[in-house]
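Contents: one structure, followed by commentary.
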Amino acid sequence: MATTRVPLISGNWKMNHNHFEAIQTVQKLGYLLKDTLKEAGVIEVTVHPPFTDLRSVQTTLESDNIAIGLGAQNCHPEPKGAFTGEVAAGMLAKLNVSYVIVGHSERRELFGETDEFVNAKVKAVLAAGMTPILCVGETLAEREAGETADKVSGQVAAGLAGISDDKAATVVVAYEPIWAIGTGKVATSEEAQTVCGDHVRATIADRFSIGIAQAVRIQYGGSVKADNIADLLAQPDIDGALVGGASLNADDFAALVQAAVGS
Ligand code: PGA
């Protein structure tokens, strides 16, 4: 079933790398991954630098012909206006950004983003012709209280509310248990599969259709590294990974991508 979904490995750099460091990192990644990325339809790789790096990374990827997609980490739902410090989805699209992370747990927890606000961003990203990576996931307290299913399916349903069927099929959902982010504590492949299959994909099937649910790519995120990516991707409902720490260094991230394609 997972066979028709091309795995998507996304590097979320968070607030790391200035534009000089960003250029160096993508140039090295391009060099290390040139054979791996040559074959179309095997794997898709994106990097999500800070806003200040996007133009530099865009021109580097384009001028050096590096087959890595450009992503952003956030955007504002409004197309323009008096929102000091914010960046609109349309501005990102103009930089050839193709994926935008939406509702990362750090934004939800540290910046108070609600499901409704996240949903508005999902719609803005789609309206600008890009693909949202909608992040969902439970805290440790919620997991221990047996609330994982409700939290995750609630976030998926709310995040995708009001999206048309054809757009819904193009969305990426990243399941990131908050207790596994940056902690070195990865969910077991079975735990991750249960949530991705029984809660994320099942919720999409319930809200839209089985066909749409089968088309959506679901990433796992939280302490993904070169040595655990293969096990995660072997799960039927895990179609990629959202990678933080292990995406910052080109050698580490290239090794992870290579482990993902089994080469
Ligand atoms: P991590 O971060 O890989 O450093 O755990 C993942 C994320 O927050 O997307």
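The values are calculated or read from the model by the stated rules, or taken from the named source; none is laboratory data. Bear in mind the structure is a predicted one, so any value in this text is a computation, not a measurement. In this analysis, Cβ positions are derived from the backbone assuming ideal geometry, glycine residues included, and neighbour counts consider all displayed protein chains. The accessibility values were calculated without ligands, DNA or RNA, using every heavy atom of the protein model including side chains. Shrake-Rupley method; radii C 1.70, N 1.55, O 1.52, S 1.80 Å.
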>> Whole angstrom only: what separates the Cα centroid of segment 23-78 from the Cα centroid of segment 184-230?
In response: 24
> Dipole of the chain (Lys/Arg Cβ +1, Asp/Glu Cβ -1, origin at the Cα centre): which of A260, G244, Y99 lies farthest to the positive side?
Replying inline: Y99
> Among the lysines in the chain, how many pairs, 8 or more places apart or on different chains, have alpha carbons under 23 Å apart?
Replying inline: 23
> Counting only the backbone N, which residues of segment 185-229 are under 17 Å from the spot 7 Å out from the Cα of S164 toward its beta-carbon?
Replying inline: 208-209, 212
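Just flag the GluC sites (Glu not before Pro) in segment 133-235 sitting in loop per DSSP whose Cβ has no more than 16 other Cβ atoms within 10 Å. Mind showing how you got there, number by number?
Numbers: sites: E138, E142, E144, E147, E190, E191; in loops: E138, E147.
Hits after loop and neighbour filter: E147.
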> How large is the dipole of segment 8-262 about the Cα centre if only Lys and Arg carry +1 and Asp and Glu carry -1, each at its Cβ, rounded to the nearest 20 debye?
Replying inline: 700
> If you rank T4, T170 by how much accessible surface each has, with a 1.4 Å probe, what is the order from largest down?
Replying inline: T4, T170
> At D227 and L140, where each label point lies 7 Å from the Cα along Cα→Cβ, what is the point-to-point distance in nanometres?
Replying inline: 2.2
> What chymotrypsin sites (Phe, Trp or Tyr not before Pro) in segment 74-183 are in a loop by DSSP, with at most 14 other Cβ atoms within 10 Å of the Cβ?
Replying inline: F83, F111
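Report, to one decimal in Å, the Kirkwood hydrodynamic radius for the chain based on all distinct Cα pairs.
Details: mean 1/r = 0.0551 Å⁻¹.
Answer for the chain: a Kirkwood hydrodynamic radius of 18.2 Å.
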>> Need one value: the accessible area of S153 in square angstrom, 1.4 angstrom probe, rounded to the nearest 10.
In response: 30
